[in-house]
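Since the structure comes first, as structure tokens, the remarks are kept for the end.
Only the coordinates and a few stated rules stand behind these numbers; no lab work does. Since we're looking at a predicted model, the values are computed, not measured.
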């Protein structure tokens, strides 16, 4: 088939590479405009654009895909299908109607659960045991189109947003090629999503969502740390400076044996050893294993404690 690929971040790269290596023709790549990055504010290509240029594929970067000029450009590409993976703009009906077989989306969840912009991170934050990928034929709604294929992926006990991202990227690339084969040979089955079923919506993440609320229970804070690893990261404040927490273990307070810290304020360091330290939460405590002081590199807790003075009673803001 003649394919137009629409995607922007790293998550889309695996699927684009799979398409380039397949029997299908990638006629063009549509991605978001380049953005300035870093102290020098140099313009940086999107990950998808970099791969497309290396493969010699024409790249289009419309500011708005609903502009009539872009819609006409898209029409002239004469795609049999468009493949959409984390593109970053809502695609209007005028574009959805152009490809012969429609626009096929690769979404990082088992729809209808976790529609929205950040399904991978929220699956970890919410403590899901299983996630996956769904391919669907897009409609004008937000991740509401007819489902075609699904592939489930179990979450490890210490799964992070980054590790699940990598798993689902690989799974999505494989599932997309299988989906295109079924569409082309007429064996694809299109299943409507149940609108009335309870779903979790995966809202876009913001940096301030990583600010740890120590009054929450230890288990939910630990999931937040993993879900926001590597972006936007979970953090607290120590001595007025940002302290990112990259890894922690959940601990429970023992009842009735004199070791309970029930009267201690949440966010207080309750114990320091040579290799780590414990922080009281609304329920239980967290043992911090890996962190990153402001302006420094990631490090183990024991390396941190060799260079920073932290004692029992220190309060994390």
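Rounded, prolate or oblate: which fits segment 14-96 when a ≥ b ≥ c are the square roots of the eigenvalues of the alpha-carbon gyration tensor, with rounded for a/c under 1.5 and prolate only if a/b beats b/c? Note, shape of segment 14-96 comes out oblate. Helical runs assigned H by DSSP (4 residues or longer) give the chain a calculated mean residue ellipticity at 222 nm of -7500 deg cm²/dmol, each run adding -39500 (n - 2.57) before division by the residue total. In degrees, nearest 10, range 0 to 90: what is the angle between the Cα axis of helix 10-20 and the longest Cα principal axis of the chain? Here the helix axis deviates by roughly 30 degrees.
Beta bridges per DSSP, both residues in segment 15-117: antiparallel share near 40 percent. When the P(r) is computed for the chain, the part past 35 Å accounts for 33% of the Cα-Cα pairs. Mind jotting down the distance between the C-alpha centroids of segment 67-110 and segment 263-298, whole Å? Taking the Cα centre of segment 67-110 as reference, the centre of segment 263-298 is 47 Å away. Of all DSSP-defined beta bridges confined to the chain, some 65% are antiparallel rather than parallel.
Cα centroid separation, segment 1-58 to segment 170-246: 22 Å. Taking every C-alpha pair closer than 8 Å and separated by at least 6 residues, the mean separation divided by the residue count of the chain gives a relative contact order of 13 percent. Look at the Cα gyration tensor of segment 74-211: its axes a ≥ b ≥ c give a/c of at least 1.5 with a/b over b/c, and that counts as prolate. Based on the reciprocal of the average 1/r between different C-alpha atoms, the Kirkwood radius for segment 208-307 equals 13.6 Å. Build a GNM of the chain with springs between Cα atoms under 10 Å apart, and of 75, 39, 226 the one that fluctuates most is 39. Computed extension length for residue 181-residue 158: 4.8 nm, one decimal, from 0.36 nm per residue of separation with the Cα-Cα distance subtracted.
Mean-square fluctuations from a GNM of the chain, with a 10 angstrom spring cutoff on Cα atoms, peak among 302, 239, 213 at 239.
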